[in-house]
Every structure is written in structure tokens, then in C-alpha cells.
Amino acid sequence: MKNYFKDEHIFMTEFKDRMERRFITTLEESSVHERYEVLGEMVSEVIAADWMNTNEKIEHNDLKEVHYFSMEFLMGRLITNNIMNLGLRDKIEKAFNAEGLDLNEVEQYESDAGLGNGGLGRLAACFLDSIASLKYPGYGNGIRYRYGLFEQKIINGYQIEKPDDWFKDGYVWEVRKDEESLEIPFGGSVVFEDGKVIYHPEELIKAVPYEVPVVGNNNNIVTSLRLWNAEPTDLLPPQKDPFLYDSEIRRISGFLYPDDTTKEGKVLRIKQQYFFSAAGVRRLLYRHFDKYQTFDNIPEKLVIQINDTHPSLVIPEMMRIFLDEYNMTWDESWKIVTQTCAYTNHTILAEALEKWAVDVFEPVLPRIYQIIEEINRRFCKMLIEDYHYSQDIINKLAIVGFNEIRMANLAIVGSFSVNGVAELHTNILKNIEMKDWHQLFPNKFNNKTNGITHRRWLLHSNPELANILDQISDNWVQDPNELEKLLPKVKTKKYKNMIKQMKYAKKVALAERIKEEQGVELDPNSIFDIQVKRLHEYKRQLMNALHIMHVYHKLKTDEHFKENYHPHSFIFGAKAASGYYYAKKIIKLINTIARKVNNDEETNDLLKVVFVENYNVTYAEQIMPACDFSEQISTASKEASGTGNMKFMMNGALTIGTLDGANVEIAELVGPENIVIFGMTSEEVNEMKIAGNYHPHEIYEQDPNIKLVVDQLTNGFFEDCEESEFAEVRNKLLGEDQYYVLKDFDSYRAAHERANDLYKDENRFLEVSLINIAKSGYFSSDRTIEQYVKDIWHIKKIK
């Protein structure tokens, strides 16, 4: 470690000198941006020393590595994470305070890296943190997006998308590796000459790698996330304007998840997925061959984890390299591929089990399509000759069928391991959604329940709670199972008071931010009921909104209900995909409800609603610790796992939820009396789906509470918008209600009444809060990674 971090005075002297040399200004006159840049530069030098040392140890010990391929890595701000994991934050803060500077101000200057959207990307980031903190040789591989998903603005209740220009000041943590650039081919044609395959691409796109360090927690280990940037080469397609083509090329790493409702959007997504998959695989295989002069030992030295279906093209790309560049046979190539790749399934929703139309895919990747066809031909031949499967099952399992390429099928066939991400999710895959696959490959399927890094989501984001936990264990950061030592304290007045004070302080801080940014004043003594997650119908933000309308009606018309209702603040945060019209309509509904409720002086001391703008990782770090009840209300069987439920739990929130995803395991750990469960089970949902006997209009006619709120959507109840504004929402609820909002509504209403009563019993509520914290250690991503290591990756720690 550099000498200037050993002493606050030496550090500040160096800090001032660098400020003068780099920005030609004094410390007193420097801007927050300039202080951030200088601090980042100094911290990066410390990281570099550990980074080089880590690489040398891995190389010297010839360790097997895991490479985690993902379209998303939602890293959040790295400055706080890095200085805390390096053990430098207290020293830096002391030096800043001595000069009258605010370290928090500098930390807050950093933009959230726009490299992801929701749970998929946040999980990947947690995994990288745990891999480094546990001293494993593991790396990420993704895309260096110039713009994030989008910056969300709420105007007149509607979501408006603006470019998320997170890169405008550069990124102090990344290192460009131009000398390791590769050229990735697209389009063109394939010919056979003298028994060899010759691919003539129409365009070559330069893939330039950028390395972002991943700092382990107080262990001198630094691994990395490799991000690929798309840049033009000298090969210009015919009839293309050079300037327009340059712009077109850069779109590949331009922004996350382009709208794929058009053919152009689909082509761009295919290009993105192949671009980072091919670049990552080529780098790994070329490096491996340079070192060992053989590919035979790849499964002993390398494992590639395919995170969801987006990186599935890793499989045919590996085959292409072996077959076309190294003249290996099909069988020896396939053996290596299927012993190297492992696939994580994150959902059973059809939209996430990607399928690409052949007539869109083949012109973009003609050689890769040929290889996928051959993988499919050999696989179907095996099903016929070895397993005597019927044509119906073969049609279902085929990788290519009905003019579609099924990416999940490709990932399953080409991987040695297929894992779900929660016990319920994995059981649904094995017994329902992928039952035929499980019967075919019973040894492939396994469960790895997701986790979160307790370092970011407790130690970093909630130091007040961390200080409380330090009193029961001095080792809980290294071993989060130590949180269970809190269990004997859950009935004590001392710990209840400490949790109460912590929670109140966090609620005050969040309320102040919401008041400053959105003008809505929340009472910190009210229940903070929070639903923050990607906006999707199956996550049922709509049910939450309809219930608020019900509560508002009861407060206006039922004096007994009003007298017994503890003040409640409902907080939402979500982004809807730019092309997801219906989800955006739900955002409009929530904001319309908020405007009506918040402006009613008869009831707004008891009920407030706020939709926070531009929810992201950094906002989550403030929201999670301030929550009393977290809404985990997806339709049972639809949420693979969820990780927001774990973050809230770890910070002392109680879950209102269905028995879906990891909620099932939370309920098992804390006990049914310490969680608020409602709604149909996954078995009941699947039975109703199979029977086809759900008629939402009948429930509407039979339940006056439901009829009232559904009618209010279109009967002029909302004075500040057209009566037809939410007609589509009403019609969809009554005509289809695909995610059983009305079916579960009454159970949800009753669950909220139980939750309100529980909160009024302060002693009991605080006890349950402590139990949830004590049991949350299981959901550390450290546990998840150790299970991946033991069952799938078989890698060893860096000594």
C-alpha cells in the first residue's frame, strides 16, 4: 500500500500536491469533481498493486478460473465500496474532516455505472464482490454500455426516458486494454473450399476490452470485470456512409436492452449478445492455447457461467473456434464445450426464455447459425436413436424449430450444469416447466438460491445497524451466519430500542430526501411500506395500487377503520421498459393515486403515496434500511428468486409476500409468525392455469371492495385525467387478469390489516424485525458462491 495512506497528514499533503499538479488549483478552490478525480486516482494506485499481485498468484499457482458472462452488472457506485473494502475510508474521512471537506459529498458525485437494470445485474455484481472477498479466481465479462437503461423523469405522472449519461466525466476505475482488442465478424456468407469452411464476413467490429477492478474485502485480492466496447474497423460494408456506420457500430455498446419490437431492434440485440460472448470466449481460448498449447485441459482450468440466456452464444462460438480455427473434430470440440459451460436459469417467463426468428438471426451470424443447426441435428438424432422420444417431445426440446432458435434449449444442451436460483423456482423447473429436460438430464439440474453481499447492503449502507451487530459478534462481516447470535437478544429492551432508533434515523433521512426532491412530506412515525423493483405485471405493483385505493375509500367512509389505522406511507420505485406500454400506464396510475391521496387534507395525515424518481442502486442503499414492510407480492411461481426481499430483511424490514421465489425460504427461516404471507400458492396457480377456470369478472361481481376500486379506474374518480385514461387497465383486469391480481386481492387486503395491527404492537414488531435480521445471514451471496464452488465450479482459493 502506498505510504501516503498510512498517515492522514501524509495523505492530505499528497492529495493537495496532486490537486495542484493535475487541475492547477488549490484544495480550497477545488470542485467536488476535481476532489473525486484525485481521490479516485490515489485509490486506483493502491488497487493496482493488489491487482498485479493477485494476477501473479493466480498465474503462479496455475489456478482454475470461473468467468461469469452476463448482459448486466449493476455495480452501483464503486468509490465507497473500494475505499471500505481496502480499509481506507476512516482514514480518508478523518483527513477530509481536518480540512473541512465532506467525503460523503465526494462519494455522492460518482454516478451509478449504467451497466444493468434490475435483479439480474445486481446479482452479478454481488457475486463478483463475494468471489473476490472469498479469494476465488473469478471474473466478470459484459458490455461497456455508453448509456444506462435510461434516466427516468416523471412528468404529469408519466414516465419519460432521458439518456442516462453516466459516462460524461469518464470512469476513473476502468483501464483500457487496446492491445488486447479483437475483431468480431457479422453478416456475409459461408463457403466450403477444399474441405474447409471459409467465412467471408460483411463487417468486422472492433471489440476493445476495459478492465474494472473488483476489490475483495480487506484481503488484498483484486479480480476484475472485463467490459467490451464496440468500435469501427477499416472494413466498411458496401454502400455505407462512414459517419453513419461509425454511429451504427457504437450502438452495439451504446445502451442496455434496445427496444426489440422492430426487426432493427432484434438485430441489434443479437449483435450485442454475440459481440460480448464471442469477444470474451476468444480472449479466454486464445490465452489458454498460448499458455498450454492444447485445449484438452480446458475443463480443468476454466469454467464459463452463462447468466441467463443472453450469453448462450458462447456455446456455438466455442465450437466455431475449435472447428474452424484449430481444425478439431466435432466430437472432441463438443466434449470440451459441454464440460466447460454452466447455465443459470433466472425465470420461467416466456419473454426471458429468448427465441430468435431464423430469418432474422441467420443473416447476422451465418456461420454461428450453421453450427447451431448442426448441434440441433445431432441432439435430435440422439433423442430418436438413444431415447426413442416421440416427435411431440422432440419438437418441444429442439433447439431450432418452427423457424425459431430457442436460446434456453441451446444453453441446456451445451452445459454440464443447469441451476435455478431458489428452491421453489428449481422445483418448478424440474417438475413442471422443464420436466422433459429434467427427465432427460437429471444430473444437470440443481439449485443455488440467490444471495446479496452483506458488505454493501448492510455494512456499507447501514453503518448504524452494523454498529449494533458489532456488539454481538466481531466476526459477522467475515461470517454472516454469526448474525444468528442476535436471536437471544430479540426480546431485550436494549436491542429493541437500538433497532427502533436506527430505523427512525433511516426513515428521517429518506423522508428528507423525498421532501427535497419530490415535495412530498412523509411522517417518519408512519409505516414505511416499500415496493421497489422493475415494473412488470407479474410483480403486481398494480395490486398494491388498487389496495391503496381501497384503503383511501375506507378512510373516507369508515370511521372505525380510520380510528384504528396506523399512518401509512406507501413508497414505490420502478422503471418500466421503454417499449412496455402497459407497465408505463401502471406508473401513471400510481402517480395519479398519489396526487389525489396526498392532497386530501381529511386523510393525508394517515395515508401518503410517493413514486420515487429514477430508482437505482444508490437510491436503494438509502431505501432498504428505511423500510418497515417490504412488498414481495409477485404471482406465486413467477418470481425466480428476488433479491430485494433479502436486502430488506437484512435491514430489519418485515416481508408482506406470496409464497414465491426466495420468500418461501425466508418464511422457512423466520417462521410463519414472523412474515406476512398471503395469496395462492404456486401449486394453486398452476392448477388454476391448467384447469382454465379462472373468471376475474365473477370475482369483480361478487366482491364489493374489488368492484369499487375497479370501477373507480374509469368512473371519474380521478378528476385530473380523462375517464378513459385507465380503461385498458380495467379491461385487462376483468377480461384476462393473467397474474391473478383480483384473485389474490382479498387475501392481500387481509394481510395488510394484519401488518397494520402488528406494527401497532411495537414490542412485537421490533422483536420480529430483530428475528429477520438474525436469520438473514443465510442470504449472503458468500453462501451462494461457496455452493457454486462446491457443486459446479470446483475452483480453489487464491493463496
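Here Thr25 passes the criteria (1) more than 30 Å from Phe275 (Cα to Cα); (2) assigned to a helix (DSSP H, G or I) except the one numbered (2).
So, Lys206, is that one without any contact (Cβ under 8 Å) to a residue 60 or more places away in the chain and closer than 28 Å to Asp112 by Cβ or not? Considered against the rule, which asks whether it is without any contact (Cβ under 8 Å) to a residue 60 or more places away in the chain and closer than 28 Å to Asp112 by Cβ, Lys206 comes out as yes. Of all the numbered requirements in (1) buried (at least 23 other Cβ atoms within 10 Å of the Cβ); (2) touching a strand residue (DSSP E or B) at 6+ places or on another chain (Cβ under 6 Å); (3) over 16 Å from Ile514 (Cβ atoms), Ala626 misses one, and that requirement is (3). One residue stands out in the range 173-212 among those that are surrounded by fewer than 17 Cβ atoms within 10 Å (Cβ to Cβ) and among the β-branched types (Val, Ile, Thr): the one that is farthest from the chain's Cα centre (by Cα), namely Val191. Among the residues making up the range 234-284, those that are of a type in the set (A, V, I, L, M, F, W, C), over 22 Å from Ile304 (Cβ atoms) and assigned to a helix (DSSP H, G or I) are Phe243, Leu244, Ile249, Val267, Leu268. Within this structure, Asn705 passes the test of being touching a residue at least 24 places away in the same chain (Cβ under 8 Å), over 33 Å from the mean Cα position of the chain (by Cα) and surrounded by fewer than 17 Cβ atoms within 10 Å (Cβ to Cβ). Only residues that are assigned to a helix (DSSP H, G or I), under 17 Å from Val358 (Cα atoms) and either within 29 Å of the chain's Cα centre (by Cα) or not polar (S, T, N, Q) (or both) were counted in the range 385-410, giving 6.
Residues in the range 332-352: is at least one open to solvent by 30 Å² or more (accessible area, probe 1.4 Å), at pLDDT 95 or above and basic (Lys, Arg)? The answer is yes, given that some residue of the range 332-352 is open to solvent by 30 Å² or more (accessible area, probe 1.4 Å), at pLDDT 95 or above and basic (Lys, Arg). One residue alone among Ala640, Ala636 is assigned to a loop (DSSP other than H, G, I, E, B) and at pLDDT 95 or above, and that residue is Ala636. Within the range 735-756, residues that are among the acidic types (Asp, Glu) reach partners that are open to solvent by less than 10 Å² (accessible area, probe 1.4 Å) and not in a helix (DSSP H, G or I) with beta carbons closer than 7 Å, at six or more positions or on different chains, in the pairs Asp744/Phe678.
Among the residues here, Val281 does not qualify as surrounded by fewer than 19 Cβ atoms within 10 Å (Cβ to Cβ), over 21 Å from the mean Cα position of the chain (by Cα) and closer than 19 Å to Met319 by Cα. Among residues of the range 257-272 that are of a type outside the set (Phe, Trp, Tyr), those with a Cβ under 8 angstrom from a residue that is open to solvent by 30 Å² or more (accessible area, probe 1.4 Å) and in a helix (DSSP H, G or I), sequence gap 6+ or separate chain, pair up as Pro258/Arg269; Asp260/Lys266; Asp260/Arg269.
So if I check each of Ile160, Ile184, Ile154, Ile205, which one is assigned to a strand (DSSP E or B) and out of contact with any Phe, Trp or Tyr (no Cβ under 7 Å at 6 or more places or on another chain)?
Ile160
Answer yes or no as to whether Thr714 is hydroxyl-bearing (Ser, Thr, Tyr), surrounded by fewer than 20 Cβ atoms within 10 Å (Cβ to Cβ) and in contact with an Asp or Glu (Cβ under 9 Å, 6 or more places away or on another chain). Here the answer is yes, as Thr714 does meet what is asked.
From Val208, Val197, Val172, Val222, which residue is aliphatic (A, V, I, L, M), out of contact with any Leu (no Cβ under 6 Å at 6 or more places or on another chain) and farther than 25 Å from Ile79 by Cα?
Answer to the selection: Val197.
Could you check, for the range 29-44, whether at least one of its residues is under 16 Å from Glu174 (Cβ atoms), of a type in the set (Gly, Ala, Ser) and at pLDDT 95 or above? Yes - at least one qualifying residue is present in the range 29-44.
The values are calculated or read from the model by the stated rules, or taken from the named source; none is laboratory data. Owing to the predicted nature of the structure, the values given are computational and were not obtained by experimental measurement. For neighbour counting, all protein chains shown are included, and Cβ atoms are generated from backbone atoms with ideal geometry for every residue, glycine included. With ligands, DNA and RNA removed, areas are computed over all heavy atoms of the protein, side chains included. Shrake-Rupley method; radii C 1.70, N 1.55, O 1.52, S 1.80 Å.
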